[in-house]
There are 6 protein chains.
Amino acid sequence: MARIDGRTPDQLRPVTLTRKWLDHAEGSVLVEFGKTRVLCAASVTEGVPRWRKGSGLGWVSAEYAMLPRSTNTRSDRESVKGKIGGRTHEISRLIGRSLRAVIDYKALGENTILLDCDVLQADGGTRTAAITGAYVALADAVSYLRERKLLKSEPLTGTVAAVSVGIIDGAPMLDLCYEEDVRAETDMNLVITGDGKFIEVQGTAEGAPFDRAELDSLLSLGLAGCADLTKLQQEALGR
Amino acid sequence: MARIDGRTPDQLRPVTLTRKWLDHAEGSVLVEFGKTRVLCAASVTEGVPRWRKGSGLGWVSAEYAMLPRSTNTRSDRESVKGKIGGRTHEISRLIGRSLRAVIDYKALGENTILLDCDVLQADGGTRTAAITGAYVALADAVSYLRERKLLKSEPLTGTVAAVSVGIIDGAPMLDLCYEEDVRAETDMNLVITGDGKFIEVQGTAEGAPFDRAELDSLLSLGLAGCADLTKLQQEALGR
Amino acid sequence: MARIDGRTPDQLRPVTLTRKWLDHAEGSVLVEFGKTRVLCAASVTEGVPRWRKGSGLGWVSAEYAMLPRSTNTRSDRESVKGKIGGRTHEISRLIGRSLRAVIDYKALGENTILLDCDVLQADGGTRTAAITGAYVALADAVSYLRERKLLKSEPLTGTVAAVSVGIIDGAPMLDLCYEEDVRAETDMNLVITGDGKFIEVQGTAEGAPFDRAELDSLLSLGLAGCADLTKLQQEALGR
Amino acid sequence: MARIDGRTPDQLRPVTLTRKWLDHAEGSVLVEFGKTRVLCAASVTEGVPRWRKGSGLGWVSAEYAMLPRSTNTRSDRESVKGKIGGRTHEISRLIGRSLRAVIDYKALGENTILLDCDVLQADGGTRTAAITGAYVALADAVSYLRERKLLKSEPLTGTVAAVSVGIIDGAPMLDLCYEEDVRAETDMNLVITGDGKFIEVQGTAEGAPFDRAELDSLLSLGLAGCADLTKLQQEALGR
Amino acid sequence: MARIDGRTPDQLRPVTLTRKWLDHAEGSVLVEFGKTRVLCAASVTEGVPRWRKGSGLGWVSAEYAMLPRSTNTRSDRESVKGKIGGRTHEISRLIGRSLRAVIDYKALGENTILLDCDVLQADGGTRTAAITGAYVALADAVSYLRERKLLKSEPLTGTVAAVSVGIIDGAPMLDLCYEEDVRAETDMNLVITGDGKFIEVQGTAEGAPFDRAELDSLLSLGLAGCADLTKLQQEALGR
Amino acid sequence: MARIDGRTPDQLRPVTLTRKWLDHAEGSVLVEFGKTRVLCAASVTEGVPRWRKGSGLGWVSAEYAMLPRSTNTRSDRESVKGKIGGRTHEISRLIGRSLRAVIDYKALGENTILLDCDVLQADGGTRTAAITGAYVALADAVSYLRERKLLKSEPLTGTVAAVSVGIIDGAPMLDLCYEEDVRAETDMNLVITGDGKFIEVQGTAEGAPFDRAELDSLLSLGLAGCADLTKLQQEALGR
């Protein structure tokens, strides 16, 4: 069965990771999954939030946002509305959790790395692109700290990538674009480490509930997709 | 391995569903999972939100909140802080999605049912208790509409229950209380229909990432737990 | 003249005070005045707000709120609206003032007791029920401090109860339910100590202004009602 | 016993009511109770708020606010803080209720009069000065409507004035200035019609609770003070 | 060509500067430019904002606001709307910058002077009236500090006044009233020191863009107008 | 005197205007003034804001914002803070006014064009870069409307560009980068039409006030700079 853009069901969109897209940030990546384009900037600050002071532990968190015209129809700015929507909160929290899963707080010491993931253009899979790109920006921010000898030891305990999978017309598909996402009966975001373990599994039946066999095939698809993304991350980082 | 409260790994806490706890609401349930106590109130209004008017379709949504002293240490009111936190948004959206998965909008007609899930006391699993209780309140609100002949046909396409599962000291456990939740390496919330299909799978590695075998055992545990909860819901509804 | 629910003009609704309704709070009471049901939770924290630090004096305050479906027609959550309404503020302040009137700050020492009064179901008189219940929760919170030897001396200088009175069809009535409240020409809330002195007198002409004779008869009715409530509080506290 | 400013216990501060202080407003009064200075502006708009449309009834409401430097120590602007405090809400509601008590909505027709009471300088009794001045601005706004033949009949059913009374060192006093207000054991605001009936009675024990005899003497003092204020209002209005 | 109010093109409206209009503020001026009436209050506080602590430097800032009924048609309160509009922000910042231009922070020492400029009545030119009046209030606040020997040396390095100019029907005019302002093709606000130098030049083409010759004639008009205002300020200050 | 980056005083930084940087927006430009990088997106919607409906006139407005890590040190998101700062408001309003100066509302018909100017990287002159880029995006949005025959006639009455000028160490300079901007005694933003007329003149003395001769030299510098920018805009648009 042909996909809208001619891909096979288990094929990623063209993915690019452009490092050092910004001059000021300690780490920055423009990540593209097809037309989806997310600017990930890592900001390093010495010290940690108040509730963590004196613990000797570092902190990593993330904020996600969409530019108003990243989407097909313009959406109002959350700064103008005066509050952040539920979806934004949820994705910011997801990105933060995903990155923290590969961080050793002790090794990081009392430093904070904040990842800003701003969607410049949205065509489905913005949160998974954000996580995949943010990991690379995070790695650069860690290098920045390492070069300045501000680390106790290596804080990165692994790598992390993310991809969406879904069931469309009964068939499991990898890395949905917006048009596919809208039609999907089930939509799942998987955050997976470089050695193939799960950090997050978030599956939602948008239409009919899914059975265990369908769930299994989605998990397999996602594991393979994240393995590919991991390779692209390593290449981008010159490892 | 014994659990804090003496349960076996696959055992639910004592669950009670007290219907008609409120006099005004079209459906209401006080649901208890052990010490966790959530008041679920279903409010029926004729008409639908503006963006849905004239479609002939109904709407179901939910709002979740915690009383300030539901927790061990008092938390500030979100109304006083002037904004709703990320976690609250996320859970409200989850409850709404879970209930909408068993609703036929056409059959509901242009009616709205809003589920308020207010946590009176929190001891872990508040979101899964809320979904389990809210389904029963929703069913009562549907009956209210049915009795007034305001429905086109039967809008409930199934039942829905939810439970948490997690891995503690390497062992999968069902329905975590707060103390267990804090210690869990992996925490997963499962929303499952009465016929054993998945609506939501939300798993998060709080500590070490989990592998596919662990994921499989958690899914099995959750399927069994939700089957038990489904029975309790049916009993409460006198079906 | 018969009242809606068959009471005599000077009769309270059935009042119950259920202590220790919550497991976590240092004091908690579910208070019921007929169908009005308010959950009062007292939270003790060591220390006082910033502006009072170093004074050696304690602090007591209160927050009042209604669950969205406590009322006949659902009201929007103040947390969702992003601001607290005037009525909520006014009642929170009233409850705080009423309780502080029987507190010796010096004896309390630099401790804070915060009373959360959440209306689970509203049928008139929620603020007076809240004060009456909150006093009992406050007394339990004081006992909690006493048992832990955190008090300099006895901070409770008396007891406090509250009741509404009003004029309906020209006749003074005690403890109005919602239906009566709506019809009342004059509505008055009285907060009175156990020894019959006034802490608050808040009377409002909703319809025709009232003369001094009417005011006098309302005051008498309220004094008698609060004497009854004081007895119920003492019984609940096992004094 | 001499008062701070040499007044007798039953004496008002010098009161002035300067009408037409503003050029744009349909009614406006600069009211002074000693150093307390409140600018009351009445704004007339045709039509009523949405919830009242089609009822044939008018509406009157009020907003109270203090300029940041009206007080001895500057307070932050509520517009900058982003929310209105409890005290502001409470007083706005009180002023609105007090004025509505002398309005016949039917005679007013579907017109709205909004009273803005902005405290330019505060020296105690700002809410009672605001009510006393706002009545005069309201009367001018009614005249404005009458002259344009926009009224069905006379909407003013009476006059209204307000004054504070309190107990200081055991002695009842009329119209407290700030310094007295701070020291008062009991503080009471009375809103009274021109024919000596009560619209609002708001008494609060700031220190020791007050007994019924004390309450009686405060009421007498307030009735006399409002009778004086009524005369000043009538003079200002050239009646 | 005659102006609406009979002035010549280079004539100011009647300007009055009433000092010490308030009893509490360290400096206060009621400034009137024709019907435009702004109350300027200077509040002195020892210490500076957090970001400036320990620098040995003082701080001056300003807040501008309009009373809801200062305008012909009532506007909603920004405190009620819960946020400050763009225009308010912009003018507050302009006033602050203008005053800081004549302040030597070192001489001021770690003291803060905050200028509140509240528009009681608006008839065009509120921001320029505010700056002109605020300077006088600032000078009084500086005197207050000087008398208390809280200054290191003289912090005022000059004087500052402001005026609007505009092009109406092709002709440059000084100090526009509201009716003129609405019709102006170009609107310019000039903030100028006592010795004729520019602090701010803010010109906007409301209709047709303006050429360099027009710009030149507006600058000349403004320089002359501010020279007149400077004289009035000096007289008011008794210099 | 050499500038930091080797430019002559009257030389612009390298300017690029990349059209159609986004796939969804009706007009979009990535504008770069040296390291300053602003993404300008034009969104076309049929219809106009409520207050303009039925007038037959169109509307153009703008919103400006900075990504949190566009600057050297990360700034908090305005959406997270819950309100938009004064500077943001001020610049949004400036961009809107500048573009509206070259728009014939009647020719535009009841269509709205909203320009989003999001600063991806900031190195001084973000507002002038935004205006210069936004004009090009606006022109593309107008073409979009023209191609769909949604215009009555040509709405663009001219072109508009903007540049900053300033005085550094007494010498006038064109197009300041961040490091220069910080050091400038006077900072001026000029918005100028393609035929050399002024739309906005905004000059501020950051240090010493400036005299009329200095003002004149700044105006000359800006006129020449905008003439160069106008050429670059025309080239980008292929005119």
When the stretch B:98-137 is examined, which residues are found to be among the polar types (S, T, N, Q) and within 23 Å of B:GLY34 (Cα to Cα)?
-> B:SER98, B:GLN121, B:THR126, B:THR128, B:THR132
Under the condition of being surrounded by 18 or more Cβ atoms within 10 Å (Cβ to Cβ) and of a type in the set (D, E, K, R), which residue from the stretch E:20-34 is nearest to the other protein chains (Cβ to nearest Cβ)?
-> E:GLU26
Per-region count, the stretch F:69-114, residues in contact with a strand residue (DSSP E or B) (Cβ under 7 Å, 6 or more places away or on another chain), touching a residue at least 24 places away in the same chain (Cβ under 8 Å) and not hydroxyl-bearing (Ser, Thr, Tyr) = 13
Restrict the check to the stretch B:131-146 and report whether at least one residue is of a type in the set (Gly, Ala, Ser), surrounded by fewer than 22 Cβ atoms within 10 Å (Cβ to Cβ), out of contact with any helix residue (DSSP H, G or I) (no Cβ under 7 Å at 6 or more places or on another chain) and within 13 Å of another protein chain (Cβ to nearest Cβ).
-> no
Flagged in the stretch A:133-155 as within 18 Å of A:LEU94 (Cα to Cα) and not small (Gly, Ala, Ser), in numbering order, are A:TYR135, A:VAL136, A:LEU138
Considering the stretch B:2-37 alone, what residues qualify as being within 30 Å of B:LEU218 (Cβ to Cβ) and either among the aromatic types (Phe, Trp, Tyr) or touching a Leu at 6+ places or on another chain (Cβ under 7 Å) (or both)?
-> B:PRO9, B:ASP10, B:GLN11, B:LEU12, B:VAL15, B:LEU17, B:THR18, B:VAL29, B:LEU30, B:VAL31, B:PHE33, B:ARG37
Selected residue (criterion: surrounded by the fewest Cβ atoms within 10 Å (Cβ to Cβ)) from residues of the stretch B:50-68 that are under 20 Å from B:LEU94 (Cα atoms) and away from chain C (no Cβ under 13 Å) = B:TRP59
Just one of (1) in contact (Cβ under 8 Å) with a residue 24 or more places away in the chain; (2) out of contact with any Asp or Glu (no Cβ under 9 Å at 6 or more places or on another chain) trips up F:LYS231, so point out which.
-> (1)
Looking across the stretch C:158-184 at residues that are part of a strand (DSSP E or B) and free of Cβ contacts under 8 Å to residues at least 60 places away in the same chain, the single one that is surrounded by the most Cβ atoms within 10 Å (Cβ to Cβ) is C:SER164
When you go through (1) within 14 Å of chain F (Cβ to nearest Cβ); (2) modelled with pLDDT of 95 or more one by one for E:GLY86, which number turns out not to apply?
-> (2)
For residues that are more than 17 Å from the chain's Cα centre (by Cα) and away from chain D (no Cβ under 12 Å), tally how many sit in the stretch C:211-227.
-> 2
Scanning the stretch A:94-120 for residues that are within 10 Å of chain B (Cβ to nearest Cβ) and over 11 Å from the mean Cα position of the chain (by Cα), the one farthest from A:LEU151 (Cα to Cα) turns out to be A:ALA101
Check whether at least one residue in the stretch D:103-117 is of a type in the set (Phe, Trp, Tyr), under 27 Å from D:VAL201 (Cβ atoms) and either touching a helix residue (DSSP H, G or I) at 6+ places or on another chain (Cβ under 6 Å) or surrounded by 24 or more Cβ atoms within 10 Å (Cβ to Cβ) (or both), and report yes or no.
-> no
Got at least one residue in the stretch B:53-62 being among the hydroxyl-bearing types (Ser, Thr, Tyr) and either without any contact (Cβ under 8 Å) to a residue 60 or more places away in the chain or farther than 21 Å from C:ALA65 by Cα (or both)?
-> yes
Given the structure, is A:VAL201 modelled with pLDDT of 95 or more, closer than 30 Å to F:ALA41 by Cα and of a type in the set (Val, Ile, Thr)?
-> no
Take the stretch A:204-214 and flag every residue that is assigned to a helix (DSSP H, G or I) and without any contact (Cβ under 8 Å) to a residue 24 or more places away in the chain.
-> A:ARG212, A:ALA213
Going by the conditions given, is D:GLU200 within 15 Å of D:THR132 (Cβ to Cβ) and acidic (Asp, Glu)?
-> yes
Any chance F:LEU94 is modelled with pLDDT of 95 or more, crowded, with 23+ Cβ neighbours inside 10 Å and more than 25 Å from A:ASP116 (Cα to Cα) = yes
Before we move on, is C:LEU223 modelled with pLDDT of 95 or more, surrounded by fewer than 18 Cβ atoms within 10 Å (Cβ to Cβ) and more than 29 Å from C:ASN72 (Cβ to Cβ)?
-> yes
Would you check which residues across the stretch E:120-157 are of a type outside the set (D, E, K, R), over 26 Å from D:VAL119 (Cα atoms) and part of a loop (DSSP other than H, G, I, E, B) and list them?
-> E:LEU150, E:LEU151, E:SER153, E:PRO155, E:THR157
Where residues in the stretch A:185-203 are buried (at least 22 other Cβ atoms within 10 Å of the Cβ) and without any contact (Cβ under 8 Å) to a residue 24 or more places away in the chain, which of them is farthest from the other protein chains (Cβ to nearest Cβ)?
-> A:ASP187
Output for the stretch E:16-51, where each listed residue is touching a residue at least 12 places away in the same chain (Cβ under 8 Å) and of a type in the set (D, E, K, R) | E:ARG19, E:LYS20, E:GLU26, E:GLU32, E:LYS35, E:ARG37, E:GLU46
By residue number, the members of the stretch E:69-83 that are more than 7 Å from every other protein chain (Cβ to nearest Cβ) and buried (at least 20 other Cβ atoms within 10 Å of the Cβ) are E:SER70
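The values are calculated or read from the model by the stated rules, or taken from the named source; none is laboratory data. Fair warning: this is a prediction, and the values are worked out from it, not measured in the lab. Methodologically, a virtual Cβ is constructed for each residue, glycine included, from the backbone with ideal geometry; neighbour enumeration extends over all protein chains shown.
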